[in-house]
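Input: a single structure, listed below in C-alpha cells.
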Amino acid sequence: MMYRIFLIVFSFSTYGQLSDEKIKVEDFNRDTVNDTLKIGRGYVQIINGKTKEKHELSDYGCFCDIKDVVTISKELDKIENRLFLEAMKKELLPEHRSKPDASLEWMIKGAFLNAKLNDNAFFSHIYDPKVPWNNRNYRNINNYYIDIKGDTLRRLQTSFYNDNEQVDINTKGFFGVLCS
C-alpha cells in the first residue's frame with residue numbers, strides 16, 4: 001500500500017517539473033478586460049483579453065550561452081501594446097542597464113569590426129573590436145540587458161546566429177549578458 005502512494009506522489013511531482021509554466025491573469029494594458037500572461041522556460045506570451053491577440057518574447061537558446069539577442073515583433077512594438085511589452089520584459093529579462101560594460105561592448109564592436117577568412121583551416125573570422133583591455137579593477141557582473149535597434153541589432157543577430165538571416169533595420173530588441 002505504501003509503495004503505491006509513493007508512485008502516485010512521485011509521478012505528480014515529476015509532471016510538475018516538466019510543466020514549468022506560470023499563468024498570471026490581470027489587466028496589463030488597463031483596458032478594463034483581464035489579459036493572460038503565460039511564463040515558461042525562456043519565453044513569455046501575453047493574450048489580449050479583449051482582442052485575443054497573442055504576443056510572444058523568447059530568449060530561447062543554449063544554457064551555455066553567455067549572451068542573448070531578443071527581438072520585438074512590430075505588433076508588440078506598437079504604442080497600444082507597450083504595457084504588454086513592459087509586463088513581458090519584467091518576467092523574461094534580467095536587470096536593464098543604459099549602457100554596456102566592457103565585455104558586452106567588446107561583443108558589440110566585434111560584430112562590426114571583423115574580417116572573414118576564406119582559406120584558413122583553423123579560423124573563420126578575425127575580430128578586432130578595439131576595446132581597451134582592463135587588467136585592473138575586475139568586477140564580477142550580474143545578468144543584464146541593454147536596448148538595441150537598427151544596424152546594431154542586425155549585426156548582432158546575424159553574427160551570433162545565421163550569416164544569411166536578414167533582420168529588418170527598423171526592428172528593436174534587447175542584447176544581454178548571461179552570467180549565471
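The values are calculated or read from the model by the stated rules, or taken from the named source; none is laboratory data. In this text, all values refer to a predicted model and were calculated from it rather than measured experimentally. No Cβ is skipped: glycine too gets one built from the backbone with ideal geometry, and neighbour counts run over all protein chains shown.
Just wondering, is there one or more residues in the range 74-88 that are closer than 22 Å to Asn170 by Cα, of a type outside the set (D, E, K, R) and touching a helix residue (DSSP H, G or I) at 6+ places or on another chain (Cβ under 7 Å)? Yes, some residue in the range 74-88 is closer than 22 Å to Asn170 by Cα, of a type outside the set (D, E, K, R) and touching a helix residue (DSSP H, G or I) at 6+ places or on another chain (Cβ under 7 Å). Among the residues making up the range 119-153, a single one is surrounded by fewer than 12 Cβ atoms within 10 Å (Cβ to Cβ), hydrophobic (A, V, I, L, M, F, W, C) and at pLDDT below 80: Trp133.
The condition of being closer than 17 Å to Leu153 by Cβ and touching a Lys or Arg at 6+ places or on another chain (Cβ under 9 Å) holds for only one of Leu37, Leu57, that being Leu57.
The set of residues from the range 27-55 being touching a helix residue (DSSP H, G or I) at 6+ places or on another chain (Cβ under 8 Å), among the charged types (D, E, K, R) and surrounded by 12 or more Cβ atoms within 10 Å (Cβ to Cβ) comprises just one member, Asp35. Listed by first and then second residue, the pairs linking a residue in the range 73-93 that is free of Cβ contacts under 8 Å to residues at least 24 places away in the same chain and over 13 Å from Ile39 (Cα atoms) to a residue that is basic (Lys, Arg) and part of a helix (DSSP H, G or I), with Cβ atoms under 9 Å apart and 6 or more places separating them unless they lie on different chains, are Leu76/Arg82.
Restricting to the range 99-112, name every residue that is of a type in the set (A, V, I, L, M) and within 15 Å of Arg154 (Cβ to Cβ).
Once the filter is applied, which keeps residues that are of a type in the set (A, V, I, L, M) and within 15 Å of Arg154 (Cβ to Cβ), the range 99-112 yields Met107, Ile108, Ala111.
A search for C-beta distances below 6 Å between a residue of the range 122-151 that is among the charged types (D, E, K, R) and any residue that is surrounded by 14 or more Cβ atoms within 10 Å (Cβ to Cβ), counting only pairs 6+ apart in sequence or on different chains, returns Lys149/Lys172.
A quick yes/no check of all residues on (1) at pLDDT below 90; (2) of a type in the set (Val, Ile, Thr):
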{"position": "Lys54", "(1), (2)": "no, no"}
{"position": "Tyr60", "(1), (2)": "yes, no"}
{"position": "Phe63", "(1), (2)": "yes, no"}
{"position": "Ile66", "(1), (2)": "yes, yes"}
{"position": "Val70", "(1), (2)": "yes, yes"}
{"position": "Glu75", "(1), (2)": "no, no"}
{"position": "Lys78", "(1), (2)": "no, no"}
{"position": "Leu85", "(1), (2)": "no, no"}
{"position": "Glu91", "(1), (2)": "no, no"}
